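Taking it in order: structure first as structure tokens, then the write-up.
The values are calculated or read from the model by the stated rules, or taken from the named source; none is laboratory data. All values derive from a computational prediction rather than experimental measurement. Cβ placement follows ideal geometry from the backbone for every residue including glycine, while neighbour counts extend to all protein chains displayed. The area values use the complete protein model at the heavy-atom level, side chains included, leaving out ligands, DNA and RNA. Shrake-Rupley method; radii C 1.70, N 1.55, O 1.52, S 1.80 Å.
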Number of protein chains: 2
Amino acid sequence: MSVTDEVLANAERYAAAFALGDLRLPPAKRLAVVACMDARLDPYAVLGLREGDAHVIRNAGGAVTADARRSLAISQRLLGTVEIILIHHTDCGMLTFTDDAFKAGIQTETGIRPDWAAEAFSDLEEDVRQSIARIKGDPFIPHTDQVRGFVYEVETGRLREVKP
Amino acid sequence: MSVTDEVLANAERYAAAFALGDLRLPPAKRLAVVACMDARLDPYAVLGLREGDAHVIRNAGGAVTADARRSLAISQRLLGTVEIILIHHTDCGMLTFTDDAFKAGIQTETGIRPDWAAEAFSDLEEDVRQSIARIKGDPFIPHTDQVRGFVYEVETGRLREVKP
């Protein structure tokens with residue numbers, strides 16, 4: 001049995017106990033979270049979010065890429081969110097390589113060099129500040145006055161704010 | 001008090017009860033989930049995932065954008081995942097507009113036309129198939145034989161598989 005089949009059995013149990021069919025499309029807390037895809041970081045558990053509360057945008061690194069900014073523009077313009085929480089974390093995979101080496105390895109193996117930035121970084125707090133700066137510099141995200149950035153400590157479960 | 005301050009109080013409670021400091025960086029289930037950012041869809045709850053189990057990648061629509069493919073390439077190449085679950089959902093905001101109208105509206109307001117696709121779609125199941133096709137066509141994602149796509153029903157809590 002694949003892992004996918006295994007978690008699908010969980011999904012059947014979730015549906016059997018489901019009682020949230022009246023939740024509305026716009027996030028109740030008018031909040032969007034941008035976080036790393038890391039398996040150890042569950043933004044619902046950490047932030048005490050429930051279904052219906054907030055948009056959750058995630059990718060490798062919790063990087064504020066063009067796609068994350070697209071998602072934030074849609075979140076704010078069409079669905080009414082106004083606050084943004086960014087979450088990076090300690091022991092992040094993105095700290096373990098460089099864009100150049102990662103892309104050169106892929107080129108060696110496939111013959112093709114990726115046409116994207118891998119978004120690796122070497123300083124966690126600096127990258128959180130970089131992410132905030134990208135949001136504030138984006139012309140399509142209307143609400144950028146309530147953006148705060150954090151580092152989640154996978155060792156302690158603590159969320160530490162990064163000061164600008 | 002802002003919503004951010006409110007959820008930060010939750011984060012302090014999470015840290016106080018934290019006992020997961022020994023989880024490893026690579027996802028235990030070797031699984032990556034790509035899902036819509038929608039507030040009503042909590043992939044942990046639906047799939048019965050725990051901290052440490054799976055990478056979770058999310059954006060507006062659960063679209064397999066270049067950024068999602070970047071994240072999947074990192075997930076598989078550096079952190080050992082091999083299975084992929086895609087989740088779109090009913091009543092999605094992406095069904096309520098068109099790229100052209102959304103971007104024209106932004107251009108009218110800001111004077112600048114976004115240089116990205118908004119990734120709106122009109123057929124949910126067709127867009128899930130499109131997402132699978134993008135993964136299978138990506139030269140940088142090594143494991144594409146265990147990719148399955150689903151529609152989450154926000155009305156019933158059920159996860160329905162989209163057949164190829």
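Numbers below:
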| read-out | value |
| --- | --- |
| When each of A:LYS29/B:LYS136; B:LYS29/B:LYS136; B:LYS103/B:LYS136; A:LYS29/B:LYS103; A:LYS136/B:LYS163 is checked by Cα-Cα distance, pairs over 32 Å | A:LYS29/B:LYS136; A:LYS136/B:LYS163 |
| For region B:86-105 and region B:134-164, distance of Cα centres in Å | 18 Å |
| For region B:23-162, the Rg and Dmax computed from alpha carbons only, in angstrom | 15.7, 49 |
| Beta bridges by DSSP in chain B, antiparallel share as percent, to the nearest 5 | 15 percent |
| Directionally averaged projected area (convex hull, Cα atoms, the protein assembly as shown), nm² | 15.9 nm² |
| Chains A and B together, accessible area buried on both sides, 1.4 angstrom probe, square angstrom | 6900 Å² |
| Members of region A:58-76 that become less accessible by 40 Å² or more once partner protein chains are added (1.4 angstrom probe, chain alone as reference) | A:ARG58, A:ASP67, A:ARG70, A:ILE74 |
| Phi to ³J(HN,Hα) by Karplus 6.51 cos²θ - 1.76 cosθ + 1.60 over region B:4-15, Hz, x for Gly, Pro | 4, 4, 4, 6, 5, 5, 4, 4, 5, 5, 4, 5 |
| Simple Cβ-charge dipole of chain A, Lys/Arg +1 and Asp/Glu -1, about Cα centre, in debye nearest 20 | 680 debye |
| Principal axis box of region B:3-65, alpha-carbon based, largest edge first, Å | 36, 31, 19 |
| Residue-normalised accessible area of chain A, given per residue in Å² at a 1.4 Å probe | 40 Å² |
| Chain A - percent of accessible surface contributed by carbon and sulfur, probe 1.4 Å | 49 percent |
| Shape category assigned to region B:1-105 from the gyration tensor of Cα positions, a/c cut at 1.5 | oblate |
| Pairwise centroid distance, computed over Cα atoms, of region B:52-78 with region A:1-55, Å | 16 Å |
| A:LEU78 accessible area, assembled protein chains, probe 1.4 Å, Å² | 70 Å² |
